[in-house]
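Heads up, the thing below is written out as structure tokens.
The values are calculated or read from the model by the stated rules, or taken from the named source; none is laboratory data. What you see is a predicted model; the values in this text were computed from it and never measured. FYI the Cβ positions are ideal-geometry reconstructions off the backbone, even for glycines, and counts take in every protein chain you see. Ligands, DNA and RNA are excluded from the accessible area calculation, which covers all protein heavy atoms including side chains. Shrake-Rupley method; radii C 1.70, N 1.55, O 1.52, S 1.80 Å.
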Amino acid sequence: MSQGVVPPQFISSFQNRLCSLFKIAEEQIIFHLPEPLDNQGLDLLRDASKLCQERFLEQIMQPSKAYEGQEQIDYIEVTRRLNEWLAKFTIIAYIGLYGYIKTPVNEYFVYFPEKIINWRQLLLHFHSNEKVTKSPVFDVSEDTIERIFSVVFYNVILQVFEKNDISTENISTILHDSDRKIIGLLNGANNDTFEDYLRHYYHVSPQLNIRRLEELDLALETEYQQFNNNGFSSYIPSSIAERVSLKEGLRRLSELLTIQRISLKSLKQSMPDYQTYNYAANIRGQKTQQEKEKLQKRDEKVQAVMPKQVKLQITILPEHRKAILVTLTPYVTSGLDSLELLLAAEDATDPVTIKGRPGNALTYVFRQAYVTGYINNAKSEIARWLVHWFVIEDKKGGQRELKYSSVYADLTKDNKPKRSSLIPYQP
């Protein structure tokens, strides 16, 4: 559900609950540092967190259609914007606290997989519970109550992301369990087990952790390239920019990327059955029965660890769909009907196979449409859509899957293909 109407007085509570995830991010960094932060370090971390929270809220709020002069949360944008600013918070922390963060345990960085979940349902539930738990029955300070809710909310979010089936019924089960956990923590707030629980968050599965770290890797790489091209972004506090040169900042961020990738590689090596999943490969036809059986066995392994398929669509302005269809049609060897449906933001059953042009040529068509304003989605959504629905056929008839990292990079940078590879398109 993207745009449910809730009373304006709820919005502040919803914002605070979402921003509590940045508090968790602060605590995770502090807890895993090899030595305590001094007051200057703590101030830097809190200022960075506050800045990122403010920017995050600016990007998820929009005018309310139901309440004139009020704002509502754009729930569709929450995951993407939350990840964007959690990644930026991680960068500020690593560059600014470099003397403290000698060996970052980056599996603990707060970051979520790109997945559509019902944020409104979760926020409404926690908002309702907060009112109940402020009853005098519980002799617990408001700060302690807030800490309990922050941790349990974070754990619930991770569990929802880990679920293959995120139906309302399944989420309700998770929320019911979280209610019992909150009551138990409130009743035992002075016990040793209380602090122990708050220090040991829900541990996601290796499969989910791989997805999470892969997407964080891409976010960090994007920021590195932007710094390299344009200098420090405005979100880097002046207190850091004044004492850390751009060259040194790039070196520190490069080191963070290296450590992050070593960790990701190690995690993948511990799971020999894990493969980067491409939905189009699951439904494409194979030429021989042997190839079909091999693919089936592989997909059975992958399906066991990857989430259920989600509905992927992009929205292209109606008056510009035909031009893209005409442009791509000469290169489509199968799935032309699917292409028409997909360009119209409708469901399809088969992937679209492109022959005679490389993947970056296909991506460049949609980059032009995006830059011109013909596509209303974010680049990350366009990249997932392309990876989900398109495969490339080479000259020998073999099929190659698109890679998300390459597609996203081609959408982000103006990498015009060679003339011999270009798909002629004039937006």
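Out of Ser254, Ser266, Ser239, which single residue is outside any loop (DSSP other than H, G, I, E, B), surrounded by fewer than 16 Cβ atoms within 10 Å (Cβ to Cβ), at pLDDT 75 or above and touching a Leu at 6+ places or on another chain (Cβ under 8 Å)? Working first, answer last.
Values: Ser254 fails: touching a Leu at 6+ places or on another chain (Cβ under 8 Å); Ser266 fails: touching a Leu at 6+ places or on another chain (Cβ under 8 Å).
The conditions single out Ser239.
Take Ser233 and tell me if it is under 24 Å from Leu21 (Cβ atoms), outside any helix (DSSP H, G or I) and at pLDDT 75 or above.
Working: under 24 Å from Leu21 (Cβ atoms): yes; outside any helix (DSSP H, G or I): yes; at pLDDT 75 or above: yes.
Yes.
Which one is modelled with the lowest pLDDT, of the residues in region 163-181 that are part of a helix (DSSP H, G or I) and closer than 19 Å to Phe112 by Cβ? Spell out how you get there, then give the answer.
So the first thing to find is which residues in region 163-181 are part of a helix (DSSP H, G or I), and the list is 168-181.
Subset that is closer than 19 Å to Phe112 by Cβ: 170-171, 174-175, 178.
Details: Asn170: 77, Ile171: 82, Ile174: 87, Leu175: 88, Ser178: 86.
Across region 163-181, the extreme among qualifying residues is Asn170.
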Problem - Inter-residue pairs, beta-carbon under 7 Å, first under 14 Å from Ser20 (Cα atoms) and touching a residue at least 24 places away in the same chain (Cβ under 8 Å) and in region 43-55, second acidic (Asp, Glu) and open to solvent by 10 Å² or more (accessible area, probe 1.4 Å), 6+ apart - result: Ser49/Glu26
